[in-house]
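The values are calculated or read from the model by the stated rules, or taken from the named source; none is laboratory data. If you're wondering where the values come from, they're calculated on a predicted model, not measured in any experiment. Glycine gets a Cβ as well: all are built from the backbone with ideal geometry, and neighbour counts include every protein chain shown. With ligands, DNA and RNA removed, areas are computed over all heavy atoms of the protein, side chains included. Shrake-Rupley method; radii C 1.70, N 1.55, O 1.52, S 1.80 Å.
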Amino acid sequence: MPCLNISTNVKLDGVDTSSILSEATSTAANLIGKSEAYVMIVLKGSVPMSFGGSEQPAAYGELVSIGGLNPDVNKKLSAAIAAILETKLKVPPSRFFLKFYDTKGSNFGWNGSTF
């Protein structure tokens with residue numbers, strides 16, 4: 001059940017968010033080794049955000065997964081999601097942080113139960 005939450009100060013009006021969600025879903029699923037059917041992506045725009053004292057386009061993400069994360073996967077995910085944000089939202093990779101959480105199934109609730 002990977003869940004990627006992305007917040008950005010970029011306005012999403014007029015942006016094809018469906019393509020961002022689709023690309024992020026397939027990227028996360030492929031790199032983590034999970035089915036796309038269980039990947040959730042949350043994209044929030046127009047979030048007041050400053051990075052390095054500047055309000056230029058920036059983004060912050062948190063990815064939580066039950067397994068599948070390791071330093072190599074994290075590095076690939078960070079680069080791949082940064083590339084999507086740069087292409088679709090003009091957020092430079094140097095203005096994007098992604099935090100990773102590898103958790104136990106008992107910490108995830110879904111469909112009235114835990115994993």
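Check segment 91-100 and report whether any residue there is of a type in the set (A, V, I, L, M), assigned to a loop (DSSP other than H, G, I, E, B) and open to solvent by less than 80 Å² (accessible area, probe 1.4 Å).
Our first condition is that a residue be of a type in the set (A, V, I, L, M); within segment 91-100, this holds for 91, 98.
Within this subset, residues satisfying the condition of being assigned to a loop (DSSP other than H, G, I, E, B) are 91.
Pick out the ones that are also open to solvent by less than 80 Å² (accessible area, probe 1.4 Å) and you get 91.
Yes; the residues of segment 91-100 include at least one that is of a type in the set (A, V, I, L, M), assigned to a loop (DSSP other than H, G, I, E, B) and open to solvent by less than 80 Å² (accessible area, probe 1.4 Å).
Residues checked against (1) at positive phi; (2) open to solvent by 80 Å² or more (accessible area, probe 1.4 Å); (3) not in a strand (DSSP E or B):
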position	(1), (2), (3)
ALA29	no, no, yes
PRO57	no, no, yes
VAL64	no, no, no
GLY68	yes, no, yes
ASN74	no, no, yes
LEU77	no, no, yes
THR87	no, yes, yes
SER106	no, no, yes
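Where the second residue is β-branched (Val, Ile, Thr) and in a helix (DSSP H, G or I) and the first is free of Cβ contacts under 8 Å to residues at least 24 places away in the same chain and lies in segment 62-83, which pairs have Cβ atoms under 7 Å and are six or more apart or on separate chains?
none
Taking the stated definitions as given, is SER106 touching a strand residue (DSSP E or B) at 6+ places or on another chain (Cβ under 6 Å) and at pLDDT below 95? So that I can check it myself, show each step before the final result.
Values: touching a strand residue (DSSP E or B) at 6+ places or on another chain (Cβ under 6 Å): yes; at pLDDT below 95: yes.
For SER106, the condition - touching a strand residue (DSSP E or B) at 6+ places or on another chain (Cβ under 6 Å) and at pLDDT below 95 - is met.
Considering only residues of segment 1-27 that are part of a helix (DSSP H, G or I) and over 14 Å from LEU89 (Cα atoms), which is most open to solvent (accessible area, probe 1.4 Å)?
Within segment 1-27, the first condition is being part of a helix (DSSP H, G or I), and the residues that meet it are 17-27.
Those still in the list that are over 14 Å from LEU89 (Cα atoms) too: 22, 25-27.
Working: SER22: 71, THR25: 24, SER26: 36, THR27: 29 Å².
Filtering segment 1-27 for residues that are part of a helix (DSSP H, G or I) and over 14 Å from LEU89 (Cα atoms), the one most open to solvent (accessible area, probe 1.4 Å) comes out as SER22.
May I ask you to list pairs of residues, at least six apart or on different chains, whose Cβ atoms are under 6 Å apart, with the first in segment 23-42 being closer than 20 Å to ALA79 by Cβ and the second being assigned to a helix (DSSP H, G or I) and acidic (Asp, Glu)?
THR25/GLU36; ALA29/GLU36
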